[in-house]
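Accompanying notes for the structure given below.
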Protein chains: 2
Amino acid sequence: MKLYGYFRSGTSYRTRIAMNLKGLEYDYLAVNLAQDEQLAETFKTLNPQGLVPVLQADDVLLYQSPAILEWLEEVYPVPPLLPSDAAGRMQVRALSAMIGCDIHPINNRRILQYLRHELSVDEAQVITWCNRWISEGFAALEKRLAADHTRGKFCYGDTPTFADCYLIPQVSSARRFEVDLTPYPTIVAIDAHCRTLKAFIDAEPMQQPDAPQAI
Amino acid sequence: MKLYGYFRSGTSYRTRIAMNLKGLEYDYLAVNLAQDEQLAETFKTLNPQGLVPVLQADDVLLYQSPAILEWLEEVYPVPPLLPSDAAGRMQVRALSAMIGCDIHPINNRRILQYLRHELSVDEAQVITWCNRWISEGFAALEKRLAADHTRGKFCYGDTPTFADCYLIPQVSSARRFEVDLTPYPTIVAIDAHCRTLKAFIDAEPMQQPDAPQAI
């Protein structure tokens, strides 16, 4: 399989985690978002939306990380990344959507570029923008996770699920934007636990071949 | 079942379509977003994120429309709103995510209120903002749908799927923001077909009890 992504892209990061958790090997193909390679015609023939990740698997070309994760779960069911009961799956998918719909897309690079260039928003206000949506989303997520009897070492139970694939990249992004994580101890604890595991470590942005190298 | 929603909310609208397509009856409970009722403590005990829709079904409290739709499909599988094969389900979920992640959340009321009140963006620029993300998303979606051999009268095949539940509310929102739909003939044709069907008509914002009444 070939995974087209970018080291720092949160949606690429979550897809790498899911593939690593499932023990799937793949070729990593970097698409440099900082140089707008995702908008080049060569990439747009793979995905007209001009967004990463794209997964080339056998004869299927997959796009949109929520759909890729569901496909991975159906085609490579072991180990499962969704609970075995409908209510549990609803909970994991809802936690995932809280991040994948209501936090991540609003702080996407194309949105921040629009704020900067079309609305002349200065860099301090761009940081405030990101902080606002991450903090608002994390506050709701923390409340859910802290109260939830199904939470374990991970967002749901004691094995990783989709929700952890979504959460860890979002925490990484929060740190980049210097969001104060003190109010979210449950999120911080789950993040700390996940980042001890090889599947999560190997998916980290700075572990990718297109990450800038330390001198 | 009890569905908490708002007549004009796109996520409530897509949930109503899915429930109507499945022939499920529900009590409609209006949460007035224009009066910020979703932020009241009474509603936040149902959903700490302060977002509609919320579905109370038997002993499960469901939130986040992507998770609600998947749960409906699992618990009420007939008629199906996903294709029977993994590649088809991937396609329908990806089309849904193109709308549910990359168009809808960016034009959400809370985002527009932030633009207006925190960034002092004027109303013309707010309309331009919405137009930009809807047009960019629809252009990619049109390209996909027009090229896709699996497209039929609906986004995928000749029976409705999740993708149509996502698309029709987004087209309705595009019309509200006066987006020029001329460049998207495939989207317009699918929308026109869906809006002849009772499940879609009954879910329309202006058919809901909390819609302003025509004099």
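What follows draws every value from the coordinates through simple rules; no lab data is involved. Worth saying up front: this structure is predicted, and the values here are computed from it rather than measured. As a convention, Cβ positions derive from the backbone with ideal geometry for all residues, glycine included, and neighbour counts pool all protein chains shown.
Which of B:52, B:31, B:78 ends up with the largest GNM mean-square fluctuation for chain B, with Cα atoms connected below 10 Å?
Greatest mean-square fluctuation among the candidates belongs to B:78.
Which cross-chain or sequence-distant (5 or more) residues have an amide H under 5 Å from the amide H of residue A:63, H modelled 1.01 Å from N in plane?
A:55
Greater than 26 Å separation of Cα atoms is the criterion. Which listed pairs, A:143/B:2; A:2/A:198; B:2/B:198; A:44/A:198; A:143/B:22; A:44/B:198, meet it?
Values: A:143/B:2 23 Å; A:2/A:198 20 Å; B:2/B:198 20 Å; A:44/A:198 33 Å; A:143/B:22 32 Å; A:44/B:198 37 Å.
Over 26 Å Cα-Cα: A:44/A:198; A:143/B:22; A:44/B:198.
Cβ under 15 Å from residue A:125's Cβ, residue A:125 left aside: what net charge do those residues give with Lys, Arg +1 and Asp, Glu -1?
On the way: positive: A:116, A:132, B:116; negative: A:118, A:122, A:123, A:178, B:118.
Surrounding charge for residue A:125 is -2.
Near the amide H of residue A:49, under 5 Å away, which other amide H atoms are found, from residues 5 or more places off or on another chain, if H is placed in the peptide plane?
Counting only residues 5 or more places away or on other chains, the set is empty.
Using Cα pairs under 8 angstrom and six or more residues apart, how large is the relative contact order of segment B:86-200, in percent? Let's see the in-between values first.
Values: 87 pairs, mean separation 35.6, N = 115.
Contact order relative to length: 31 percent.
Between segment B:89-148 and segment B:1-42, what is the C-alpha centre distance in whole Å?
21 Å
Output, in nm with one decimal and in ascending order, the distances from the residue B:131 label point to the matching label points of the other copies (7 Å from Cα along Cα-to-Cβ).
Once sorted, the set of distances for residue B:131 reads 3.3 nm.
So the label point sits 7 Å from Cα along the Cα-to-Cβ vector; using that for residue A:201, what distances do you get to the other copies, in nanometres, sorted shortest first?
6.2
Can you compute the modelled spin-label distance between residue A:146 and residue B:189, with each label point 7 Å from Cα toward Cβ, in nm?
It works out to 5.3 nm between the two label points.
Pairs of Cα atoms under 8 Å, at least six residues apart: use those to get the relative contact order of chain A, whole percent.
Working: 251 pairs, mean separation 57.3, N = 215.
The normalised contact order for chain A reaches 27 percent.
What length, rounded to one decimal in nm, is gained on full extension from residue A:56 through to residue A:158, with 0.36 nm per residue of separation minus their alpha-carbon distance? If you can, show how the numbers build up before the last one.
On the way: separation 102, 0.36 × 102 = 36.72 nm, distance 3.08 nm.
Additional length available on full extension: 33.6 nm.
Taking DSSP loops as anything outside H, G, I, E and B, show the longest stretch in chain A free of GluC sites (Glu not before Pro) there with at most 13 other beta carbons within 10 Å.
On the way: sites that count: A:25, A:118, A:178.
That gives A:26-117 as the longest site-free run.
When each copy gets a label point 7 Å from Cα toward the beta-carbon at residue B:183, what are the spacings between them in nm, shortest first?
3.9
Using a Gaussian network model of chain A with C-alpha springs under 10 Å, which one of A:202, A:85, A:27 is most mobile by mean-square fluctuation?
For chain A, modelled as a Gaussian network with Cα springs under 10 Å, the answer is A:85.
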